[in-house]
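The values are calculated or read from the model by the stated rules, or taken from the named source; none is laboratory data. Quick caveat, the model's predicted, so the values are computed rather than measured. With ideal geometry, Cβ positions are generated from the backbone for all residues, glycine too; neighbour counts draw on all protein chains shown. Ligands, DNA and RNA are stripped out before the accessible areas are found, and what is left, the full protein with its side chains, is counted by its heavy atoms. Shrake-Rupley method; radii C 1.70, N 1.55, O 1.52, S 1.80 Å.
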2 protein chains.
Amino acid sequence: MIEQLMNQAQQAFEQYLQFSYSKRKEFLFSIADEIEQDRNAIIHQAGLDSNLTEIRLNNELNRTVFQLRNYAEAAERGDWLNVSIDTADNQRNPPKPDLRKTCSPLGVVLVFGASNFPLAFSTAGGDVASALAAGCVVIVKAHPAHINTSNLVSKAIYRAIEKHQFPSGIWQHYIEEQRTETQQLISHPLLKAIGFTGSYYGGKAIWELANSRPEPIPVFAEMSSINPIFIFPEKLHQDSENLALSIANSITLGAGQFCTNPGLIIVKKSEILNHFIEKVSATIAQTKPINMLNKGIAQFFKENRTLVLSQPNVTLLAENHDNHELHDIPSFAKTTATEFLNNPLLHTEVFGSFSLLIICDNDAEMLEIAKKMKGQLTSSLMMTENESSQYPHLIAEISLHCGRIIYNQVPTGVEVCQAMNHGGPWPATTNSFHTSVGSDAIKRFVKSISYQNFPQHLLPLELKNENPLNINRTINNVLSKASIQ
Amino acid sequence: MIEQLMNQAQQAFEQYLQFSYSKRKEFLFSIADEIEQDRNAIIHQAGLDSNLTEIRLNNELNRTVFQLRNYAEAAERGDWLNVSIDTADNQRNPPKPDLRKTCSPLGVVLVFGASNFPLAFSTAGGDVASALAAGCVVIVKAHPAHINTSNLVSKAIYRAIEKHQFPSGIWQHYIEEQRTETQQLISHPLLKAIGFTGSYYGGKAIWELANSRPEPIPVFAEMSSINPIFIFPEKLHQDSENLALSIANSITLGAGQFCTNPGLIIVKKSEILNHFIEKVSATIAQTKPINMLNKGIAQFFKENRTLVLSQPNVTLLAENHDNHELHDIPSFAKTTATEFLNNPLLHTEVFGSFSLLIICDNDAEMLEIAKKMKGQLTSSLMMTENESSQYPHLIAEISLHCGRIIYNQVPTGVEVCQAMNHGGPWPATTNSFHTSVGSDAIKRFVKSISYQNFPQHLLPLELKNENPLNINRTINNVLSKASIQ
């Protein structure tokens, strides 16, 4: 079974390699069109599978089709190829050869569907869109929690494949029956890269297995982030009411099931702090528990919540607990900086609507926390303009530990655009150079390659003298759209 | 000791972070100047340490200072930062935030000196130049075979540090006394990346140790490549004499101690083949054995050579063996495609002046060899214009397995320029996206970071509205040097 999947994928890859960027683009647009065609059925099924609301799922579907089209357009625009050309110099001693560098797709990519985004990070989600845009072929492992949704989306993709008469192995749906089959897939010599969004344990296990292959392959896993919000005293003093409200809402949004959910709030002791705590607590306590994605996730949330709450010097400040098995428990707790700095368990991600307030005695503790912070997708700074000039070292330190740094906004909400970086140092992801959101995500699925002394007719289009794709290229160290004489 | 090294490095990093790109550039230029100042002493010492000729070492020193200046200029030019900006849209529902993406240095980088390039890939070599250009600070582990050279070069670097009154921890020289110290360095939480050029076993061991850390860090290791040359029949027929000569010279150049040394020659059976074999054999047999870099390398060469020669159906065609302990043994051997396809030991890199001719019965065998080829730094195609149109699948397959594909030139000689890719799929390197030669090598030592909703005064220079560095930036999906109104 696995052998057949992989061979079909590899055969399709060899054909897909010959297709132009514009053909790739049309294909991705067709997938988007076909998904929109089935919008109602997909939304309905995704609701059953994930307990997410219709509004949210409609937004997620919009995002899914936007990603497909946006990455396809970026792929055609060609900036991501990072083309550079150094022309020959035969007068030099020794002669300088003609060298032209571009990117080429890695091959067969395995994408794991994500539990918390049944559409935008799953069957036709961001990893799939970027791998296909890069020229790779894809095998998607359906997430077990939303196989029916995945089946519906896969039908849309199959229709797009048929419409373009593309080889069927270009995109394949894989539903795990036995764990060992997935392990076989990961270990298969023809597999060249993996995309994953999920838990730290899941991501790390896949990464380790991929690294243990005779030929290790890159795993782009987005795994674990607690997205600290640093609140500075003057800001808190000026704006505690609004801050409390927006942060409480960010904590509980969608039962907290976002990778950018703020799990840590770092503040300095102050008089106004009690007011802030009361306001956050009141909002959290009034937030209605809702269904989480599935039982497993609800249980995992509760276990981790209990783990953190049971640590010394951790005090529960507010919760809304209705004892419903599937529901979240909006929760807010506090601890001291000393405790946080000394207890590694307090750095655990509690995936759900839980946040821990860390109260620092002074700036030094805040800086120490910034230094000890594990890699994060995001860190937020809540500060006045006045404060923004007072803490250069702290801001620099915070920026070292995250992939996106945010000024006076909450971290939830991940814009799909080229300037988005959805990544960060370990354990946020396995590779802090790359992003999994925004069109630069394409770059994860290519290798660099230089063509030396090649005749024009054998060069990929983007490297030919006349620049037929009309893309930006660095020619002898100068970026332009010029052709070469 | 290690603790002190790392703390000094980290402190220096925090200061270096505040320095402008032009200040970095001046620093790298000063290092180059100081090295040139000591040219005679450095060349003399490197000759003693490495047995390399004065001409070669002068060229290598030229290359070393060129790299320092070239990467510094590229760093200032800023294209490598891949800056993109998506401006806010408050009219949209929900409002679109302002997002600005750039790269930031990883932190403390450990660079291992390479045995075969005591200057260009060692103490002030390509990895050091690119890490410093990226804004990282560096600890260099001197290669044990050329510690005295390394000491001389390090003095030049220290003078440059003093001249600029930079913190001394910005670049530090580390001489291993015990293996465990180096392991401690690799495992230290403040270490953020590693650069390595050397053997597969060395690179893999470092990579595994770095992956076993609680926070794994990227290892950019360039490890193992046998650089196949595929010769096509018509070309062989037309040009066997020249081909034989240039390939034999490429095999024996510098006792074969280059990572791009061609260790495999793949040909199809033909009448002219005997003539080619005779000519290569005669040239190899006449090539004078010379001193290799050191005893260890000479011994390793001979062991691996014996290993390959002792395999079934491997025939020695020519050698020049003078029984000198330090000398290489220019060697040429042959085997069949079937044998190569079935015996993994024949894929071993023999680091030195040895090459194996693989004789294929037909095109299918040639394609099969291309498919089974491990990741390579380079692959070369020797073909006529006529043949260049006849083998699209074979060329596509070959390009999947290498980082640089070369048309009718030998692989030795690695141009330092932006369009050079010195990298390739495992085991050639640990990361096929990146290069270790050419200014794009800088990108290995940074992470991506987005600034969301940031006030102008807090943004890095490259992200400010007015574009003070005058660099290329993608603003709302369009690349330009424009400022933002």
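In the set B:S225, B:S240, B:S270, only one residue is touching a Lys or Arg at 6+ places or on another chain (Cβ under 9 Å) and assigned to a loop (DSSP other than H, G, I, E, B); that residue is B:S225. The single condition among (1) open to solvent by 20 Å² or more (accessible area, probe 1.4 Å); (2) basic (K, R); (3) not in a loop (DSSP other than H, G, I, E, B) that B:R24 does not satisfy is (1).
Consider B:P167 carefully, then state whether it is under 25 Å from B:E26 (Cβ atoms), modelled with pLDDT of 95 or more and not aliphatic (A, V, I, L, M). Yes.
All conditions in (1) under 23 Å from the mean Cα position of the chain (by Cα); (2) within 18 Å of B:A120 (Cβ to Cβ) hold for B:T182, with the sole exception of (2). If you check A:L367, A:L356, A:L346 for being hydrophobic (A, V, I, L, M, F, W, C), out of contact with any Pro (no Cβ under 7 Å at 6 or more places or on another chain) and open to solvent by 10 Å² or more (accessible area, probe 1.4 Å), only one passes: A:L367. Taken residue by residue, region B:204-227 has no member that is among the β-branched types (V, I, T), over 18 Å from B:A9 (Cβ atoms), open to solvent by 10 Å² or more (accessible area, probe 1.4 Å) and within 13 Å of the chain's Cα centre (by Cα).
Between B:Q37, B:Q11, B:Q67, the distinction of being touching a residue at least 40 places away in the same chain (Cβ under 8 Å) and closer than 17 Å to B:G126 by Cα belongs to B:Q67 only.
Hey, can you tell me all the residues within region A:308-362 that are part of a loop (DSSP other than H, G, I, E, B) and of a type in the set (G, A, S)?
Residues satisfying the conditions are A:S310, A:G352, A:S353.
Restricting A:T338, A:T315 to residues that are polar (S, T, N, Q), under 22 Å from A:M366 (Cβ atoms), in contact with a strand residue (DSSP E or B) (Cβ under 6 Å, 6 or more places away or on another chain) and open to solvent by 40 Å² or more (accessible area, probe 1.4 Å) narrows the list to A:T315. Screening A:S399, A:S439 for residues that are facing chain B (nearest Cβ under 10 Å) and out of contact with any helix residue (DSSP H, G or I) (no Cβ under 9 Å at 6 or more places or on another chain) leaves exactly one candidate, A:S399. A:A370 meets the stated requirement of being more than 11 Å from chain B (Cβ to nearest Cβ), touching a His at 6+ places or on another chain (Cβ under 8 Å) and either assigned to a helix (DSSP H, G or I) or of a type in the set (S, T, Y) (or both). Within region B:405-413, one or more residues are assigned to a loop (DSSP other than H, G, I, E, B), at pLDDT below 95, within 11 Å of chain A (Cβ to nearest Cβ) and open to solvent by 20 Å² or more (accessible area, probe 1.4 Å).
Residues in region A:166-203 that are surrounded by 20 or more Cβ atoms within 10 Å (Cβ to Cβ) and over 19 Å from A:Q8 (Cα atoms): A:G195, A:F196, A:T197, A:G198, A:G203. Selection of region B:414-428 for residues being more than 7 Å from chain A (Cβ to nearest Cβ) and either within 22 Å of B:R24 (Cβ to Cβ) or open to solvent by less than 10 Å² (accessible area, probe 1.4 Å) (or both) yields B:V416, B:H422, B:G424, B:A428. Taken over region A:207-234, the residue count meeting the criterion of being within 14 Å of chain B (Cβ to nearest Cβ) and either farther than 16 Å from A:S380 by Cα or touching a helix residue (DSSP H, G or I) at 6+ places or on another chain (Cβ under 6 Å) (or both) is 19. If the condition is being at the interface with chain A (Cβ under 10 Å from one of its Cβ atoms), open to solvent by 10 Å² or more (accessible area, probe 1.4 Å) and assigned to a helix (DSSP H, G or I), then region B:386-396 contributes B:P392, B:H393, B:I395, B:A396. Screening B:S432 against (1) open to solvent by less than 10 Å² (accessible area, probe 1.4 Å); (2) at the interface with chain A (Cβ under 7 Å from one of its Cβ atoms) leaves a single unmet condition, (1). Could you tell me whether any residue of region B:136-144 is of a type in the set (D, E, K, R), within 19 Å of the chain's Cα centre (by Cα) and within 28 Å of A:W426 (Cα to Cα)? Looking for residues that are of a type in the set (D, E, K, R), within 19 Å of the chain's Cα centre (by Cα) and within 28 Å of A:W426 (Cα to Cα), one finds at least one in region B:136-144, hence yes.
In region B:245-259 there is no residue that is modelled with pLDDT of 95 or more, in contact with a helix residue (DSSP H, G or I) (Cβ under 6 Å, 6 or more places away or on another chain) and not aliphatic (A, V, I, L, M). Evaluate the following for A:R305: is it charged (D, E, K, R) and outside any helix (DSSP H, G or I)? Spelling it out, it is not the case that A:R305 is charged (D, E, K, R) and outside any helix (DSSP H, G or I).
Whether a residue is in contact (Cβ under 8 Å) with a residue 24 or more places away in the chain and within 24 Å of A:N242 (Cβ to Cβ) was assessed, and A:T338 does not pass this test. Can you say whether B:T252 is buried (at least 22 other Cβ atoms within 10 Å of the Cβ) and not aliphatic (A, V, I, L, M), as far as the supplied structure shows? Answer is yes for this residue. A:K443 meets the conditions (1) closer than 28 Å to A:V137 by Cβ; (2) in contact (Cβ under 8 Å) with a residue 40 or more places away in the chain; (3) part of a loop (DSSP other than H, G, I, E, B) in every case but one. The failed one is (3). Restricting attention to region A:447-485, the residues that are more than 7 Å from chain B (Cβ to nearest Cβ), outside any helix (DSSP H, G or I), touching a helix residue (DSSP H, G or I) at 6+ places or on another chain (Cβ under 7 Å) and open to solvent by less than 10 Å² (accessible area, probe 1.4 Å) total 1.
A quick yes/no check of all residues on (1) within 30 Å of B:A210 (Cα to Cα); (2) under 21 Å from the mean Cα position of the chain (by Cα):
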residue: B:Q15; (1), (2): yes, no
residue: B:A41; (1), (2): no, no
residue: B:D49; (1), (2): yes, no
residue: B:T53; (1), (2): no, no
residue: B:A74; (1), (2): yes, yes
residue: B:R77; (1), (2): no, no
residue: B:D98; (1), (2): no, no
residue: B:V111; (1), (2): yes, yes
residue: B:S115; (1), (2): yes, yes
